[in-house]
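The values are calculated or read from the model by the stated rules, or taken from the named source; none is laboratory data. Computed from a prediction, not measured in an experiment: that's the story for all the values here. Glycine gets a Cβ as well: all are built from the backbone with ideal geometry, and neighbour counts include every protein chain shown. For the accessible areas, the whole protein counts, side chains as well, though only heavy atoms, and no ligand, DNA or RNA atoms are used. Shrake-Rupley method; radii C 1.70, N 1.55, O 1.52, S 1.80 Å.
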Amino acid sequence: MALLELLANSPALFVVLVVLLGLVVGSFLNVVVYRLPLMMEREWRIQFLELLGQANPDAGKPALSLWGPRSQCPQCGHLIAAVENIPLLSYLLQGGRCAHCRAAIGVQYPLVEALSGCLAGIVAWKFGFGWPTAAALIFTWVLLAASVIDLRQQLLPDDLVLPLLWLGLATALFGLFADLPSAVVGAMAGYLALWSVYQVFRLLTGKEGMGYGDFKLLAALGAWTGWQHLVAIVILSSLVGAVLGLVLVLFRGRDRRTPMPFGPFLAAAGWIALLWGETIDRAYLNWLGL
């Protein structure tokens, strides 16, 4: 009880502790980013082989989960010890290389850890000590993991997006960020908005402009923020996506026909809307003179 009172009365200490927690969670998020798509692929393969009546060749291998087996170097198979897995610090001390074979470690790992810690600190600073911060931290970390997976695999896993949707509706029961009617309408409108754009685009071009995971993600964001912020989320994510896509085409020679995941832009816009949605909407309405 004394610790809770200390954290409630010491905003700076609370933010620092949340940043440290964010770094630790970021290390786990890297596991989620790497293993969850592999777990899904294995499950799909098993189901496909069952339909064909064939044996599963991986039946004798250890089961892969988010909790085991221990992480290892993909190059040499060296099991990563706890001292080699300290967020950010181990990467820096090892010079960004495996402690055993000296193979380069991808920069994604420290970036995800750093982003997890920084974003967690911003959430703690914004909402202070209390339940809104606890809920917003989960929101932040799930969006971060889903975004990195989408960037790597062009996939938004239901295992992340759907629980996020239901948790958003659960927070609305207590009015943490939106009331329940606004959250329900936000979830429905979020899904239908992108689903409608998808159908119109496919009708006009014969191509699929986005995946169903984007519909579900916007539905989840609508459940968290309420329908009132959906317009800001769509506009902000579309603008950032368009600008970044243009930059990649002009300066990095990216083929315009190469698909670019939309999930990370939606996630970033939704995160901003949760923290500063009221301010953004007020500024937008003032700009329109309303």
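Brief remarks follow.
- Cα gyration tensor category, rounded, prolate or oblate, for region 59-155 with a/c compared to 1.5: prolate
- Span-like helix ranges in the chain, DSSP H, alpha carbon extent 30 angstrom or more, Kyte mean at least -1.0: 11-52, 131-153, 180-205, 230-252
- Our compactness index for the chain, the C-alpha radius of gyration over the empirical 2.2 N^0.38 Å, is 1.11.
- Computed over region 58-105: relative contact order in percent, which uses C-alpha pairs under 8 Å that are six or more apart: 23
- With the charge dipole of the chain set up from +1 on Lys and Arg Cβ and -1 on Asp and Glu Cβ about the Cα centre, the Cα lying farthest toward the positive end among the listed residues Leu285, Ala170, Leu246 is that of Leu246.
- Of the residues Trp224, Leu274, Leu111, the one whose Cα sits farthest towards the positive end of the charge dipole of the chain is Leu111 (charges of +1 on Lys and Arg Cβ, -1 on Asp and Glu Cβ, taken about the Cα centre).
- Anisotropy class of region 144-238 from Cα gyration tensor, a/c 1.5 cut: oblate
- Region 17-108 - Debye-derived log10 I(q)/I(0), Cα point model, q = 0.26 Å⁻¹: -1.40
- Under the criterion of Cα pairs below 8 Å and six or more residues apart, the relative contact order for region 105-226 equals 26 percent.
- For Arg97, nonlocal amide neighbours, meaning residues 5 or more places apart or on other chains whose placed amide H falls under 5 Å from its own, are Ile105.
- Averaged over residues, the count of other Cβ atoms within 10 Å places the peptides 164-170, 206-212, 42-48 in the sequence 164-170, 206-212, 42-48, highest first.
- Ranking His100, His78 by solvent-accessible area of protein heavy atoms (1.4 Å probe, all protein chains present), from largest to smallest, gives His100, His78.
- Three-way shape label, region 115-164, alpha-carbon gyration tensor, a/c 1.5: oblate
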